[in-house]
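Data first, discussion second: the structure below is written as structure tokens.
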Amino acid sequence: AQSVTQLGSHVSVSEGALVLLRCNYSSSVPPYLFWYVQYPNQGLQLLLKYTTGATLVKGINGFEAEFKKSETSFHLTKPSAHMSDAAEYFCAVSDKGYGGATNKLIFGTGTLLAVQP
Amino acid sequence: GAVVSQHPSRVICKSGTSVKIECRSLDFQATTMFWYRQFPKQSLMLMATSNEGSKATYEQGVEKDKFLINHASLTLSTLTVTSAHPEDSSFYICSASIGTGGSYSNQPQHFGDGTRLSIL
């Protein structure tokens, strides 16, 4: 069974500083991995995804994530934080539809990012 | 592209009322739609998966008679919370995917903006 662990429920950075949000996964098959962002009282917006190919994935709003199989990690980074980046971030792994499964997403518990001026 | 519209965005109603939430894919055909529930400051809990034209698959512990799901077309799924009570108050979010398994297995889910349900 797949699972996702997000270390740090709250992360606070200064504007302009590096953003690093950690995600580790467990999967019995090669994973498909996703990062989503949620602003207050809104749904989730896809930031980026890893399926196959290049392990460094670039997403929207200057975010990127690197798939590291040896570390079972998919950490999200952004070189310079902006005030508008303050939101909740969710890492998710997909069951990929194997064995009759239905692309269900298993979400981590989320990391709330605060950006200080 | 890949816009999902969820309506209403907020509902306040009395205990015992049934509430219907709609989830529409506006610019693509969604073979599969998912319904989630999110408690304050927590992650999303998958309630059920619905495929167009067939019965929804509910997650363990989710009452299918309480949360009725209908996926009548490739662009519309509805969740009806029947005889709602205060403990059903929550944030409900739908998502849609163009397909599942096979060549669609790398397709992301696209989320609606959620419905805040408050039962008095």
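For B:M47, what residues show an amide H to amide H distance below 5 Å, using hydrogens built from the backbone and excluding near sequence neighbours?
HN-HN under 5 Å from B:M47: B:W35, B:Y36, B:R37.
Counting other Cβ atoms within 10 Å, keep those with at most 10, restrict to DSSP loop, and tell me which GluC sites (Glu not before Pro) in segment B:29-120 are left. Before the final figure, lay out each step's value.
Details: sites: B:E52, B:E59, B:E63, B:E87; in loops: B:E52, B:E59, B:E63.
Here the GluC sites (Glu not before Pro) that fit, given the DSSP loop and packing criteria, are B:E63.
Kindly report, to the nearest 10 Å², the accessible surface of A:K68 as traced by a 1.4 Å probe over protein heavy atoms only.
Accessible area, nearest 10 Å²: 80 Å².
Name the long-range amide H neighbours of B:I21: under 5 Å, sequence gap of 5 or more, or other chain; modelled H, no Pro or chain starts.
Here B:L79, B:T80, B:V81 satisfy the definition.
Report the Cys residues of chain B lacking a disulfide-compatible partner, meaning no second Cys Cβ under 4.7 Å from their Cβ.
Those would be B:C13, since no other cysteine Cβ in chain B comes under 4.7 Å of theirs.
Taking N as the number of residues in the protein assembly as shown, what is its alpha-carbon radius of gyration divided by 2.2 N^0.38 Å?
Details: Rg = 17.7 Å, N = 237, 2.2 N^0.38 = 17.6 Å.
Cα Rg divided by the expected 2.2 N^0.38 Å: 1.01.
Out of residues 5 or more away from A:L48 or on other chains, whose amide H comes under 5 Å of its own, with H placed 1.01 Å from N in the peptide plane?
A:W35
Count the net charge of all other residues whose Cβ sits under 15 Å from the Cβ of B:V4, scoring Lys and Arg as +1 and Asp and Glu as -1.
On the way: positive: B:R24; negative: B:E22, B:D27, B:E52, B:D113.
Summing Lys and Arg as +1 and Asp and Glu as -1 gives -3.
Tell me, what are the semi-axes, in whole angstrom and largest first, of the equivalent ellipsoid of chain A as set by the roots of 5 times the Cα gyration tensor eigenvalues?
Details: eigenvalues 122, 42, 29 Å².
They are 25, 15, 12 Å, listed largest first.
When the scattering of segment B:6-99 is computed by the Debye formula from its Cα atoms alone, each counted once and equally, what is log10 I(q)/I(0) at q = 0.19, 0.23 Å⁻¹?
Values, matching the q order: -0.87, -1.24.
Using the structure shown, select from B:K20/B:K55; B:K41/B:K66; A:K69/B:K41; B:K14/B:K55; B:K14/B:K41; A:K69/B:K64 the pairs with a Cα to Cα distance greater than 27 angstrom.
Details: B:K20/B:K55 17 Å; B:K41/B:K66 24 Å; A:K69/B:K41 30 Å; B:K14/B:K55 29 Å; B:K14/B:K41 25 Å; A:K69/B:K64 38 Å.
Pairs exceeding 27 Å: A:K69/B:K41; B:K14/B:K55; A:K69/B:K64.
Tell me, what is the percent relative contact order of segment A:1-86, built from C-alpha pairs under 8 Å that lie six or more residues apart?
Details: 155 pairs, mean separation 27.8, N = 86.
Normalised by residue count, the contact order of segment A:1-86 is 32 percent.
What are the radius of gyration and Dmax of segment A:5-55, computed over its Cα atoms and given in Å?
Rg then Dmax for segment A:5-55, in Å: 13.5, 38.
Label-point separation (nm) for B:F28 and B:N70, each offset 7 Å from Cα along Cα-to-Cβ?
2.6 nm
Tally Lys/Arg at +1 and Asp/Glu at -1 over every other residue whose Cβ is under 15 Å from the Cβ of A:Q38; what's the total? Please report the intermediate quantities before stating the final value.
On the way: positive: B:R37, B:K41, B:R116; negative: A:D85, A:E88, B:D113.
After counting each charged neighbour, the total is 0.
The values are calculated or read from the model by the stated rules, or taken from the named source; none is laboratory data. None of the values given here were measured: they were computed from a predicted structure. A quick note on method: Cβ atoms are made from the backbone with ideal geometry, for glycine too, and the neighbour counts reach across all protein chains shown. Ligands, DNA and RNA are excluded from the accessible area calculation, which covers all protein heavy atoms including side chains. Shrake-Rupley method; radii C 1.70, N 1.55, O 1.52, S 1.80 Å.
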